Amino acid sequence: MKHEPTLPGAVIGVLGSGQLGRMFAMQARRLGYRVHTLSPESDTPTGQISDVEINAAYDDLDAVRAFATEVDVVTIEFENIPAATLETIAEIVPVHPSAHVLHTTQQRIREKTFLTRAGFPLTLFREVRNDTELHHAVAELGCPSVLKTAGWGYDGKGQRKINALDEAARLYAELGAGDAVLEAFIDFEREISVVAARAHDGMTVNFGVVENHHRHHILDYTLAPAELAPELERRAVEIATSVLEELKVVGVLCVEMFVTKDGKLLINELAPRPHNSGHWTLDACVTSQFEQQLRAVCGLPLGSTEKLCAAAMVNLLGDAWAGGEPDWQAVCNMPNVKLHLYGKHAAREGRKMGHLTALAPASNDAKAARRALEQARHARRLWQRSS
Ligand code: AMP
């Protein structure tokens, strides 16, 4: 089917108002689009960059309809948007990713069921809906295992590691005892992800494989590229591309994977939107993940994902503000380090406030990414020192 592209000058609607929407809106405005955002908050990271910021609940369907009538196409920056909201919008203007994609990926049981049926490799898991199922699941998968709420989990929220059968019920109760999944604990060799995009016409592109390191379940840093055997790299890209094709996503999607000690790849989770492990693309690629999302959503041809140089990204969390303002100048003194701040007012512990990307000009391999990481971490230490 031929789609008429949504061209610069048109209005893009964004559901959600965090940093992902902000970086998307910056790219949209650079290309001459106007941006309207809808979320339950005001003076938000995305709203600060938008032409119009609408303050309404996602399930306020009257407000959602009014928002949709003012825009040409809608996208999301946050996956916990009710499917009914997307369906309401789709009656008025195109929305990408679709309600179907969101419905599948916003709940772990549905996401894992989809991946299993489609034959993708993933962490061994059991569905848990009550104490009896939990008991059976822990007995089957053994300890340690990881219990995760089926919905609303991110950055490690809604997760507990179970080390012994007799603590399972208590940990389940702590998570609210609702729908959940129990996963076998993977003593992985490393964590990787592939950010990829799919256009209206089915064309896919990807940003290659990156390596991710978490602290307290929150992404700490990303190395681009990952240090990985070429065969595994090829396989990871193949898996990610197939996921986009199976789901018929229009837009960007990130596939997070574990590399096991015996060299297997297991999908951990999907995010149907630009992802924290793709932030480095803003500074190091011909087309960033955010511009790619814009192009896909607007029905424009996808841009080149060519990596201009190796890079490393480190997150800046709210914890660093505990002792006062960080030392901005120290960071700006480093010529190959790029500072990104999200315009958030309250610097709470664990809250993503910004990130730093260090570039390794004229180098493109994993060793250069490691060198860039040293710079990024040094910059982060300097930045925190005065706090
Ligand atoms: P998630 O919210 O599912 O992406 O989990 C956040 C982080 O927790 C992951 O990036 C891993 O570092 C860790 N994690 C999650 N699930 C498992 C698992 N089954 N085995 C080992 N580590 C895990």
Quiz prompt | Relative contact order of the chain, pairs being alpha-carbon contacts under 8 Å that are 6 or more residues apart, as % | solution = 14
Self-check item: Helix-only [θ]222 nm of the chain, DSSP H runs n ≥ 4, -39500 (n - 2.57) each, per residue, nearest 500
Solution: -9000 deg cm²/dmol
Self-check item: Alpha carbon convex hull of the chain, volume per residue in cubic angstrom
Solution: 141
Quiz item: Taking a spot 7 Å from the Cα of Asn268 along the direction of its beta carbon, which residues of the stretch 155-192 have an amide N less than 19 Å from it?
Solution: 155-163, 181-192
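Assuming R0 = 25 Å, can you tell me the calculated FRET efficiency for the pair Asp62 and His100, based on Cβ-Cβ distance, to the nearest 0.05? Kindly include the intermediate steps, with their values, before the conclusion.
On the way: r = 24 Å, r/R0 = 0.96.
Using R0 = 25 Å, I get an efficiency of 0.55.
Would you mind ranking Ser277, Ser50 by Cβ crowding within 10 Å, fewest neighbours first? Don't skip to the answer; put the middle values down first.
Details: Ser277 26, Ser50 23.
Arranged by neighbour count, lowest to highest, Ser277, Ser50 become Ser50, Ser277.
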Self-check item: Separation of the His213 and Asp187 label points, Cα + 7 Å toward Cβ, nm
Solution: 2.1
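Return a whole-number percent for the relative contact order of the stretch 289-387, with Cα pairs under 8 Å and 6 or more residues apart as the contact set. Provide the component values of the computation, followed by the final result.
Working: 165 pairs, mean separation 38.2, N = 99.
The value is 39 percent.
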Quiz item: Counting other Cβ atoms within 10 Å, which GluC sites (Glu not before Pro) in the stretch 264-306 have at most 16 and lie in a DSSP loop?
Solution: Glu306
Practice problem: Round to the nearest 0.05 the FRET efficiency obtained for Glu325 and Asp51 when R0 = 35 Å and r is the Cβ-Cβ distance. | Solution: 0.70
Exercise. Quick one: compute the contact order of the stretch 11-95, relative version, from alpha carbon pairs under 8 angstrom and 6+ residues apart, as a percent.
Key: 33
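Would you kindly calculate the mean projected area, averaged across all directions, of the convex hull enclosing the Cα atoms of the stretch 229-279, in square nanometres? Can you show the working numbers first?
Details: hull surface 15.3 nm².
Over every viewing direction, the Cα hull of the stretch 229-279 projects on average to 3.8 nm².
All of the numbers you see were taken from the coordinates with simple rules; none came from a lab. In this text the structure is predicted, and so the values were computed from the model without any measurement. Every residue, glycine as well, gets a Cβ built from its backbone with ideal geometry; the counts of neighbours run over all protein chains shown.
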